[in-house]
Amino acid sequence: MIETIGTWVAFGLTLLIFSVVIGDNPLYRLALHVLIGVTLAYALVVGWASVLQPRLIAPLLTGSAVERLVAFVPLVLGALLLTKISARLGGLGHIAVAFLIGVGAAVAIGGAVLGTLLPQTGAATASLNPFPLDRRGGAAWVAFWALIGTVTTLIAFTFVGRRTTDGGSSSVAQRLPSLAAQVGRLFLIVAFGALYAGALVATIAVLAERVAFVLRTLGVIS
Amino acid sequence: MYEPLSQQMESATSAVAEGNGSSGNGYMPEPALAPPDDQDAALPEWLAQIEREASETTGKPEDSAPWAEGEAAASPQEGTAAELPPWLEGMAVVPVQAAIEEQVSEPPERPEWLPAEEPLGEADLSLALEGTEVAPPGEMPAWLGELITQIGVPDMLATPAETAPEGASEAGASDERAVEGAPEGDAAPELPAAEAPAWLSPEALSPWAEEAQGVLPAESDGAEPAAAEPGVAQAELPAWLQAMQAAGPIMAPPGDSAVSSEADARPLAGMRVILPAEPIVAVPRLGATVPGLVVTEEQAAQAELLRSLLTAGPEPLPEPLPAPRNWRAWVERWSVALALLAAIVAALVLQPGLLPAPEATAPTQSAYQIIQGLRPESPVLVAFDYETASSGELGPLALALLRHLADRNAHVIALSTRPMGPALAQMALDALAVEGANVRYGEQAVNLGYLPGGPVGLSAFALNPAILNRDYVDGGNPWAKPGAQGLVSLAQAQALVVLSSDALSLRDWVEQVGTAFPNLPIIAATSASVEPLARPYYESGQLKGLVAGLPGADSYETLTGKPALATHLREAQGFAQGVALLVLVIGALAALVRRIMDDRRRTTGDRPQGQH
């Protein structure tokens, strides 16, 4: 019964969202507000049930002495963080904020260096090696274009030019960085186009799934 | 230090009488702040005698300025000429106030500058000076000229005039500054050396007298003047500071509108000699003209525009008019929407099978091979890092992967770094359970729930998975369930599947967990919009498999031999993509044709008539 009601509520909300085709209207806004409100309420419940109650409240009330002592640390930090709402006591919250930023930055930077920067740099330089071109089934032209794209895109982000002294035409060597930068911009345009196309495809996939849901609810398809 | 005007005038009188008031540059030294008793002692005997006699005569020395009373009471016959300096012998015989009184007491000889209808009081010099005709700077009244004619200019006053190269001509102005600045400084009236003392000139005396009218009544109300109290040092509490405590206006030059603002709060309460700050700061004014600066008309117009903008202030925005209905845009929007809906509905209802199943890409095949190679009951972590907005795309992908895992009898351990993720994971597991897949909860599948903290939480989870110790479904210990018993450390996991709708979440898993366990195969199942950003991690070997979007889910279902929802949706998506491509092409062609026609029309319109 509840599942049936939930299905029809979802059906109605889907139609309200689809009503945006006639323009911005109260029904569409109602559906948006319901979506935002339900999402925030659910996140609040999850935060209580998954974080606060099992990790803070329960250890403080029923835990051992060690568990209570350990739980006391986030309690104090959380209380200090709440002081940020006061202009007079807001300075106390800097301790908790500093702790959050310090730990977060240390973990994120360490992971970025070891997990993204070094491996991606190594993979880019590996394309210079002509021997393992078929390492992943690629061809020589894939490695070639990857190399060209990497180098020229990096040049596109270097704003260094050489001005001719006589104001006339410069040599090919002098114009080479600007030409490479233009090629790099072409690669950037293609990359952004691929991202936009991916977003468009994802949106159409969501639309297709919602239409299928509506048709399934109406019994048109099984 | 400011002192009452009466005392300043008295001091100045004493200094002149003593003949030591003229310095080398023709200016008077600062008046002494000694108590009245000491000051009387410093006076010569003849002047002290004049004051005493004047006090006896008037009986009310507080009603007027002491210096005026003393001079008014003095008579030529009573002066002690033996004690006077030679140049003052004649002046002392006919002092200033005495001369005024003589002219007042003798109406036929009244000078022109005295008002005929207004009799002077006995000692009210201020009233008498109010009607005094102001002589131009540098000139002297007639009565003073007569005095000088009679007695001549004493050497003491004449000599500094010859030696003073500067300042003498500015004496009148200096006196005015001294009076105006009296409340703030210690400046005393200054004397020009070449002529009669400037403080005796009407223009210097009149403001003093006017101010004395405002001060003396206040003193007569009960507040004794500080200089009249014997034994009290004047410097302890200046009169101007006492006056600040009064609520009434003090030292307000009459008719001076520029300084007429009156402060409301102490310690400036009652003071009207306050420059208003706001008009000076906020009101823009025309700048001074710089000689030699050539201002063009354009610059002048721009300056005037800037000035008008600064002075005009913000204007309220007009009420927005209701936008007229753009029928063209309305038709375009409806056309695109109907075309997309028609394509999707047709593909879903008719299932024409016009679009062939896409061939599985190498990353998809790699992902399939990893899951296909799992041993039974292998623990596999599945991260549901997407929101409900992406469930339409990632839901079928998750079902395809979970179905394959269930076929391999793997133990699915679900978790999420998003608050909505555990619910979506449970929905997928329940959907597979309805299908009859081998995903019995607790035995083959466990939902660990929400992992907070982002990358920090992931790092902590990689070190100790037991930090997630609350089952999402029943709230019990998930690690006690058979489905999760085999996973004590992430090193024991056989694979990690990350279902992600954004590249940031996928990158966190790769950076925090992948670097900690390099041998753990990571399979990314992402949205089509994330695929370009996830591909480099696959190329670098950090991802062992990559399945993206509905086409990837369809190809994966094809690999598993179990076509399901992804296959139907993929065809509908393909039809919609075709419509979208058609709309883009038609729109681009229409825009191109319109631009060409506009250019041609503009060229035709701009061409001279003779060339038609």
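Data table
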{"read-out": "Condition met for B:L397 (within 30 Å of A:A208 (Cβ to Cβ), within 11 Å of chain A (Cβ to nearest Cβ) and of a type outside the set (D, E, K, R))", "value": "yes"}
{"read-out": "Filtered residue count, the stretch B:521-541, keeping only those that are in a loop (DSSP other than H, G, I, E, B), facing another protein chain (nearest Cβ under 9 Å) and buried (at least 21 other Cβ atoms within 10 Å of the Cβ)", "value": "4"}
{"read-out": "A:V103 farther than 30 Å from A:V73 by Cα and either facing chain B (nearest Cβ under 10 Å) or at pLDDT 95 or above (or both)", "value": "no"}
{"read-out": "Selection count, the stretch B:401-437, where residues are in contact with a strand residue (DSSP E or B) (Cβ under 8 Å, 6 or more places away or on another chain), among the hydrophobic types (A, V, I, L, M, F, W, C) and assigned to a helix (DSSP H, G or I)", "value": "9"}
{"read-out": "Residue in the stretch B:438-457 that is of a type in the set (S, T, Y), surrounded by fewer than 21 Cβ atoms within 10 Å (Cβ to Cβ), part of a loop (DSSP other than H, G, I, E, B) and more than 10 Å from chain A (Cβ to nearest Cβ) present", "value": "no"}
{"read-out": "Hits in the stretch B:345-389 - residues which are in a loop (DSSP other than H, G, I, E, B) and over 30 Å from B:V488 (Cα atoms)", "value": "B:Q351, B:P352, B:G353, B:L354, B:L355, B:P356, B:A357, B:P358, B:E359, B:A360, B:T361"}
{"read-out": "Members of the stretch A:16-52 found to be small (G, A, S) and away from chain B (no Cβ under 12 Å), listed by number", "value": "A:A31, A:G37"}
{"read-out": "Total residues in the stretch B:578-597, condition within 12 Å of chain A (Cβ to nearest Cβ) and either aromatic (F, W, Y) or over 52 Å from the mean Cα position of the chain (by Cα) (or both)", "value": "2"}
{"read-out": "Counted residues, the stretch B:381-397 - those being small (G, A, S) and modelled with pLDDT of 95 or more", "value": "1"}
{"read-out": "When residues of the stretch B:315-343 are limited to those that are among the charged types (D, E, K, R) and surrounded by 10 or more Cβ atoms within 10 Å (Cβ to Cβ), the one farthest from the other protein chains (Cβ to nearest Cβ)", "value": "B:E332"}
{"read-out": "Selection count where residues are touching a strand residue (DSSP E or B) at 6+ places or on another chain (Cβ under 6 Å) and farther than 14 Å from B:P358 by Cα, scope the stretch B:545-600", "value": "2"}
{"read-out": "Failed criterion for B:L340 (all others in (1) within 56 Å of the chain's Cα centre (by Cα); (2) part of a helix (DSSP H, G or I); (3) more than 29 Å from A:V214 (Cβ to Cβ) hold)", "value": "(3)"}
{"read-out": "Candidate set from the stretch B:494-520 (those that are in a loop (DSSP other than H, G, I, E, B) and under 20 Å from B:R375 (Cβ atoms)); member that is farthest from the other protein chains (Cβ to nearest Cβ)", "value": "B:Q494"}
{"read-out": "Hey, B:A548 under 24 Å from B:V345 (Cβ atoms) and among the hydrophobic types (A, V, I, L, M, F, W, C) or not", "value": "no"}
{"read-out": "Verdict on A:L179 being over 18 Å from B:T567 (Cα atoms), out of contact with any Leu (no Cβ under 9 Å at 6 or more places or on another chain) and either more than 10 Å from every other protein chain (Cβ to nearest Cβ) or aliphatic (A, V, I, L, M) (or both)", "value": "yes"}
{"read-out": "Pair list, Cβ under 6 Å, 6 or more apart: the stretch A:99-123 residue within 11 Å of B:V456 (Cα to Cα), other residue of a type in the set (D, E)", "value": "A:G111/B:E511"}
{"read-out": "The stretch A:75-104: number of residues that are assigned to a helix (DSSP H, G or I) and polar (S, T, N, Q)", "value": "1"}
{"read-out": "Helices (runs of 4 or more DSSP H) wholly inside the stretch A:1-63 that include at least 1 residues being touching a residue at least 40 places away in the same chain (Cβ under 8 Å)", "value": "A:2-18"}
{"read-out": "Residue count for the stretch B:506-520, restricted to those that are surrounded by 24 or more Cβ atoms within 10 Å (Cβ to Cβ) and over 15 Å from A:P119 (Cα atoms)", "value": "1"}
{"read-out": "Pair list, Cβ under 9 Å, 6 or more apart: the stretch B:473-490 residue among the aromatic types (F, W, Y), other residue assigned to a loop (DSSP other than H, G, I, E, B)", "value": "B:W479/B:L468; B:W479/B:N469; B:W479/B:Q485; B:W479/B:L487; B:W479/B:V488"}
{"read-out": "Residue check, B:T311 β-branched (V, I, T) and surrounded by fewer than 16 Cβ atoms within 10 Å (Cβ to Cβ)", "value": "yes"}
{"read-out": "Enumeration of residues in the stretch A:208-220 that are at the interface with another protein chain (Cβ under 7 Å from one of its Cβ atoms), surrounded by fewer than 20 Cβ atoms within 10 Å (Cβ to Cβ) and of a type outside the set (D, E, K, R)", "value": "A:L215, A:V220"}
{"read-out": "Search result, residues across the stretch B:418-437 that are buried (at least 22 other Cβ atoms within 10 Å of the Cβ) and of a type outside the set (A, V, I, L, M)", "value": "B:R418, B:G421, B:P422"}
{"read-out": "Given (1) modelled with pLDDT under 85; (2) in contact with a Gly (Cβ under 6 Å, 6 or more places away or on another chain), number of the condition A:T152 does not satisfy", "value": "(1)"}
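The values are calculated or read from the model by the stated rules, or taken from the named source; none is laboratory data. Just so it is clear, the model here is predicted, and its values are computed rather than measured. Counting neighbours? That spans all protein chains shown, and the Cβs are built from the backbone with ideal geometry, glycine included.
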